[in-house]
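All remarks here apply to the structure that follows.
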Amino acid sequence: MFLALRELVFARGRFALMGSVVALIAILMVLLSGLSVGLVNDGVSGLKKLPVSAFSFQKGTSTDGAFSRSTVDVSVAETWRGRSGVEDAAPFGNTLVNAKTDSGVDIDLALFGVEPGSFVAPQATNGEKLSDRGTVLLGQTAEEAGVRIGDTVVVDQLETPLKVTGFLDGQHTFGHVDVGYLDLRTWQEIRAGVRQGEEVPAHVYDQVTAIALKGDGIDLAAGDEALETKSLTLEESFGASPGYSAETSTLDLIQVFLYAISALVVGAFFTVVTIQRKHEIAVLRAMGSSTGRLLRDSLAQSLILLVAASAVGVGLGVAMGAAISGAPMPFQLDFGSIGAATAGLIVLGVIGAGVAVLRITRVDPLTALGGSR
C-alpha cells in the first residue's frame, strides 16, 4: 500500500490524465442519466401520477399502441368492479390533439377523458376541480408555456372549445405533450370527430380507450379471460406511450456501452501502469509479499483514483445538468439514478483494474528480476 500511495504522488501527471478520462466518463454518465429520467417523465409522467393499478384494454390490442388503438365498452367498468380484489374501476379515455388558445398559444394535448368525481379525476392545485362539460385541467408545464386560467383552448379542425379552469401540480405529460383532463362525454365527442354543433350518435358515449382499475391483488389474467379484455399493470402500460420503449431502450444500451468502455479504459490504463511496475512487484514478491496483498494494494490505488475522479466528474455533471434543466429539453436530475450509475462506474473500473493487475502479480519474481539471464 505504501508503494501504491507513493506512486499516486510521484506519478501524479500520469494518474491525473487517467483521472481526467474517468471524470469525463462520469460527466457523460450524469448527462445520460438525466436525459433518460427526463425522457421517461416527459413520456409517461401523466400516467405515473394516476392512482391506477392497471388498465384493461381491448382484447388483441398490441402493447405498444394500446392507448391509441384500444376501444372498450363503458359497461365493462361495472363488471370489473364486481371482481375480487378490485376496489374501483372507471372508464378512461386517451387521445392526442392539436389545439390553440384564444390568446394565440399553440399547444399539443393528450386529452384524458375521466368521469368527474371518479377516482381517476385529478384535484386542481390552482383553480377549480373538474366538474362541468367543456372544461379542462392542465399541468404546470402548460401554464409555463403561457396558458392561463380562463383561457379557452380550441381543438383544431373540430373547433371544440375547452375552458381552462385549473392547473395541476408538477409535470403531467404523455407522449411528450401536455395532459389535459376533461369530462368523459366531451372527450368521447372529440375522439369521435364530432364538430361543434353537430348531432352526436348515441354509440359514441358507449366507447372509451380503457378501464382504469384500482386495487391490490387483482387477478388480471382471470378478469381478461372472463371479460375478453387485455390488461396491463400501470408500469407495463408505459410502453404504450409514443416512443417510450424505443427511447428508453436506446439510452439503456448507450449506458451499457458506457460502462463497458469505462471498464476497458481503466483496465487498459492499469495494465500499462502495472507493466511499468513489473520490477517493483517482482521485488515485493521476492521479499515474500503474497499475490493477494499485491492485488489489494493495486486495487486500493485504482479505487482511490476512481472515487476521486468520479466525484469530480459527477460534481461537474450535476452542475452542467442544473444549468440545462430549464432548457426546452426533457432533462431531469435524479440523484438515486446518478448514485447507482456512479457506483456501477467505480465497481466496473475496479474489476477492469483487478483483471489487469492479477496477470502481472502471477509473474515469477526471478524471471521478472532477470534471473533467467
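The values are calculated or read from the model by the stated rules, or taken from the named source; none is laboratory data. Source: prediction; values computed, not measured. Here Cβ is always computed from backbone atoms with ideal geometry, including for glycine, and neighbour counts include all displayed protein chains. Surface accessibility is based on the protein's heavy atoms, side chains included, excluding ligands, DNA and RNA. Shrake-Rupley method; radii C 1.70, N 1.55, O 1.52, S 1.80 Å.
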Worksheet item: Out of curiosity, is Ser20 out of contact with any strand residue (DSSP E or B) (no Cβ under 8 Å at 6 or more places or on another chain), polar (S, T, N, Q), closer than 26 Å to Glu235 by Cβ and assigned to a helix (DSSP H, G or I)?
Response: no
Discussion item. Residues that are in contact (Cβ under 8 Å) with a residue 12 or more places away in the chain and either polar (S, T, N, Q) or part of a loop (DSSP other than H, G, I, E, B) (or both): does the range 178-186 have at least one?
Written reply: yes
Worksheet, complete the sentence: Taking the range 64-83 and keeping only residues that are touching a residue at least 24 places away in the same chain (Cβ under 8 Å), more than 20 Å from Val177 (Cα to Cα) and open to solvent by 30 Å² or more (accessible area, probe 1.4 Å), one is left with Thr71, Asp73, Val74, Ser75, Thr79, Arg83
Item to complete: Collect the residues in the range 58-78 that are part of a strand (DSSP E or B) and in contact with a helix residue (DSSP H, G or I) (Cβ under 7 Å, 6 or more places away or on another chain), keeping them in residue-number order.
Response: Asp73
Discussion item. With the requirement that a residue be part of a loop (DSSP other than H, G, I, E, B), at pLDDT 90 or above and within 20 Å of Val44 (Cα to Cα), what does the range 94-129 give you?
Written reply: Phe119, Val120, Ala121, Pro122
Worksheet item: Can you name every residue in the range 155-177 that is of a type outside the set (Ser, Thr, Tyr), over 15 Å from Lys48 (Cα atoms) and part of a strand (DSSP E or B)?
Response: Val155, Pro161, Leu162, Lys163, Val164, Gly166, Phe167
Practice prompt. Kindly provide the set of residues from the range 215-231 that are of a type in the set (D, E, K, R) and buried (at least 18 other Cβ atoms within 10 Å of the Cβ), ordered by number.
Written response: Lys230
Fill in: The listed residue being surrounded by fewer than 15 Cβ atoms within 10 Å (Cβ to Cβ), modelled with pLDDT of 75 or more and part of a helix (DSSP H, G or I), out of Ala309, Ala268
Ala268
Worksheet item: Right, Pro91: modelled with pLDDT of 90 or more, crowded, with 20+ Cβ neighbours inside 10 Å and assigned to a loop (DSSP other than H, G, I, E, B) or not?
Response: no
Discussion item. Contact list please: Cβ distance under 8 Å, first residue in the range 250-261 and closer than 19 Å to Leu306 by Cβ, second residue open to solvent by 70 Å² or more (accessible area, probe 1.4 Å), pairs at least six apart or on different chains.
Written reply: Leu258/Leu28
Discussion item. Cβ-Cβ distance below 8 Å, separation of 6 or more or different chains: which pairs start in the range 116-145 with a residue that is more than 21 Å from Gln171 (Cβ to Cβ) and assigned by TED's automatic domain parsing to the domain that holds Ser103 and end on one that is open to solvent by less than 20 Å² (accessible area, probe 1.4 Å) and assigned to a loop (DSSP other than H, G, I, E, B)?
Written reply: Pro116/Leu130
Worksheet item: Can we say Phe55 is outside any helix (DSSP H, G or I) and within 17 Å of Thr233 (Cβ to Cβ)?
Response: yes
Response to the item:
Note on Ser36: of the conditions (1) assigned by TED's automatic domain parsing to the domain that holds Ser249; (2) surrounded by fewer than 23 Cβ atoms within 10 Å (Cβ to Cβ), unmet is (2)
